[in-house]
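Asker: Sharing a structure below in structure tokens format, with a few things to ask.
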Amino acid sequence: MTKIIAELCQNHNGDIKILQEMVHAAAESGADFAKIQSIDSSELTHRSRFDKGLVEGGKIKVIKRPFKAELERLSKLDLSEKQHQLFIEYCKKYKIKPMTTIFSLSKIDMVEKLGFKTVKVASFDCASHRLIKEISERSFQHIVVSTGATFNEEIKKTAHILKHAYKKHTLLHCVSIYPTGIEDANLSRINYLKRISKNVGLSDHSNPEISKNLIPAVGLYVGVDLIEKHFTILAKDKTKDGPVSANPTQLKELTNLAKANEKKLKSYIDELVDDYEILLGMENRDMTMTELLNRDYYQGRFASKDKKGNYVFNWSEDKL
């Protein structure tokens with residue numbers, strides 16, 4: 001049966017009490033995993049071209065995301081090592097598996113020491129092959145990698161590294177558009193990923209207020225092993241990721257869909273769309289400008305630092 005990841009992301013707003021409530025609610029909604037993000041705001045990289053962005057001929061060429069404002073926002077959302085440990089304890093209490101995304105080389109040791117068995121690598125690090133390799137050499141039992149805004153050859157190399165490390169791994173189909181509309185879902189991409197990986201899943205960034213659970217439902221219908229969905233217990237306008245996050249009722253609907261037979265899934269899909277093939281799109285396609293802009297910004301957004309304070313990016317072979 002398809003497993004469901006409740007991606008808590010930073011919808012906890014840095015409040016450990018909200019985080020505990022989120023873990024409880026995710027478990028009550030039937031999710032198999034609760035996932036946090038091992039992000040440290042001190043590792044946010046300052047790349048000056050994003051401070052002002054760039055618009056030419058009325059078209060965005062570089063995203064505008066000023067460093068100071070982003071650092072201020074993220075600094076309120078950091079989870080300390082102790083809070084990571086509390087998260088694991090909450091998961092144990094509420095009988096749901098803990099999981100985290102590793103965003104930098106420097107976080108691998110901490111996450112391994114804390115005893116996480118399943119970890120994720122975000123889409124924008126699918127091509128960070130040093131990070132992938134170092135994670136694959138550790139004691140983690142299952143490595144999940146999103147593939148949004150990543151080129152085929154980069155995905156193939158990541159799959160090659162994981163296969164040769166004899167690690168259980170899952171590649172997630174992902175579209176790096178936030179939110180993802182049904183016309184951009186391109187779920188045929190799942191077929192491509194199945195040819196290079198035994199286990200394939202879906203990371204969904206659709207807005208459940210608009211699309212319900214349609215994209216995950218079609219993902220289930222065409223056959224995925226794992227679905228990741230952002231999750232919140234707060235009002236959708238209270239966090240940055242709120243618009244693409246499911247509330248407990250919406251997550252419960254998704255976990256029920258994961259248990260449904262093919263007939264019930266098709267009935268759910270047919271109620272929401274006349275022809276579900278609009279969600280299938282193309283197996284291979286050029287990335288949209290939105291995806292390319294997001295790739296440009298998010299690749300290298302976080303980096304470790306060496307002893308001299310220089311950035312060591314996740315793909316770099318430089319020493320920490």
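The values are calculated or read from the model by the stated rules, or taken from the named source; none is laboratory data. Small disclaimer: the values here were computed from a predicted structure and weren't measured. Virtual Cβ from ideal backbone geometry, glycine too; neighbours counted across all protein chains shown. For the accessible areas, the whole protein counts, side chains as well, though only heavy atoms, and no ligand, DNA or RNA atoms are used. Shrake-Rupley method; radii C 1.70, N 1.55, O 1.52, S 1.80 Å.
Asker: For the range 1-142, what Kirkwood radius comes out of the mean inverse Cα-Cα distance, in Å?
Answerer: Values: mean 1/r = 0.0604 Å⁻¹.
With all distinct Cα pairs of the range 1-142 included, I get 16.6 Å.
Asker: Counting only GluC sites (Glu not before Pro) that sit in a DSSP loop (anything but H, G, I, E, B) with at most 14 other Cβ atoms within 10 Å, what is the longest stretch of the chain containing none of them?
Answerer: On the way: sites that count: GLU137, GLU283, GLU317.
Result for the longest clean stretch: 138-282.
Asker: Rounded to the nearest 20 debye, what is the charge dipole size of the chain about its Cα centre when +1 sits on each Lys and Arg Cβ and -1 on each Asp and Glu Cβ? Don't jump to the answer; show the numbers that get you there.
Answerer: Details: 51 positive and 43 negative charges, 190 e Å.
In total the dipole reaches around 920 debye.
Asker: Gain in length, PHE151 to ALA260, computed as 0.36 nm per residue apart minus the alpha-carbon separation, to one decimal in nm? List each step's numbers first, then the result.
Answerer: Values: separation 109, 0.36 × 109 = 39.24 nm, distance 3.32 nm.
Stretched fully, the PHE151-ALA260 segment lengthens by 35.9 nm.
Asker: Using 0.36 nm times the number of residues separating GLN83 and THR288, minus their current alpha carbon distance, what extension gain do you get? Walk me through the numbers before you get to the answer.
Answerer: Numbers: separation 205, 0.36 × 205 = 73.80 nm, distance 3.78 nm.
Answer, rounded to one decimal: 70.0 nm.
Asker: Normalised by the residues of the chain, what does the relative contact order come to in percent, with Cα pairs under 8 Å and at least six apart?
Answerer: Working: 619 pairs, mean separation 71.2, N = 320.
Once normalised by length, the contact order is 22 percent.
Asker: Give the distance, in whole Å, between the Cα centre of the range 31-46 and the Cα centre of the range 198-254.
Answerer: Centre-to-centre distance over Cα atoms comes out at 18 Å.
Asker: On a 1.4 Å probe surface of the protein chains, which of PHE140, PHE124 comes out largest in accessible area, and what is the full order? Intermediate values should be presented prior to the final figure.
Answerer: Numbers: PHE140 0, PHE124 25 Å².
These residues rank, largest area first, as PHE124, PHE140.
Asker: Same structure again: Would the range 205-320 count as rounded, prolate or oblate if I go by the C-alpha gyration tensor, calling it rounded below 1.5 in a/c and otherwise prolate when a/b exceeds b/c, oblate otherwise? List each step's numbers first, then the result.
Answerer: On the way: a/c = 2.47, a/b = 1.88, b/c = 1.32.
Prolate.
Asker: Give the accessible area for ASP125 in Å² (nearest 10); use a 1.4 Å probe, count only protein heavy atoms, and leave out ligands, DNA and RNA.
Answerer: Number for this one is 10 Å².
Asker: Please state the relative contact order of the range 187-320 as a whole percent: Cα pairs under 8 Å, 6+ residues apart? Show your work: numbers first, answer last.
Answerer: Working: 139 pairs, mean separation 31.6, N = 134.
24 percent.
Asker: Can you give the net charge of the other residues whose Cβ lies under 9 Å from the Cβ of THR100, counting K and R as +1 and D and E as -1?
Answerer: Details: positive: LYS35, LYS107, LYS120; negative: none.
Once all neighbours under 9 Å are counted, the net charge is +3.
Asker: Charges only on Cβ, +1 for Lys and Arg, -1 for Asp and Glu: so what's the dipole of the range 143-229 about the Cα centre, in debye to the nearest 20?
Answerer: Computed about the Cα centre, the dipole is about 540 debye.
Asker: Probe radius 1.4 Å, ligands and nucleic acids ignored: give me the carbon and sulfur share of the accessible area of the chain as a rounded percent.
Answerer: Of all accessible area on the chain, carbon and sulfur atoms account for 50 percent.
Asker: Could I ask something else about it? Excluding ligands, DNA and RNA, what is the solvent-accessible area per residue of the chain at a probe of 1.4 Å, expressed in Å²? Intermediate values should be presented prior to the final figure.
Answerer: Values: 14810 Å² over 320 residues.
I get 46 Å² per residue for the chain.
Asker: Now, a different point. With the cut-off at 1.5 for a/c, could you classify the range 69-149 from its C-alpha gyration tensor as rounded, prolate or oblate? It would help to have the intermediate numbers written out before the result.
Answerer: Working: a/c = 1.72, a/b = 1.11, b/c = 1.55.
Verdict is oblate for the range 69-149.
Asker: Below 13 angstrom from the Cβ of PHE231, what's the summed charge of the other residues (Lys, Arg +1; Asp, Glu -1)? Write down the numbers at each step before the final one.
Answerer: On the way: positive: LYS35, LYS229, LYS236, LYS252; negative: GLU7, GLU21, GLU28, ASP32, ASP204, GLU228, ASP241, GLU253.
Local charge sum for PHE231: -4.
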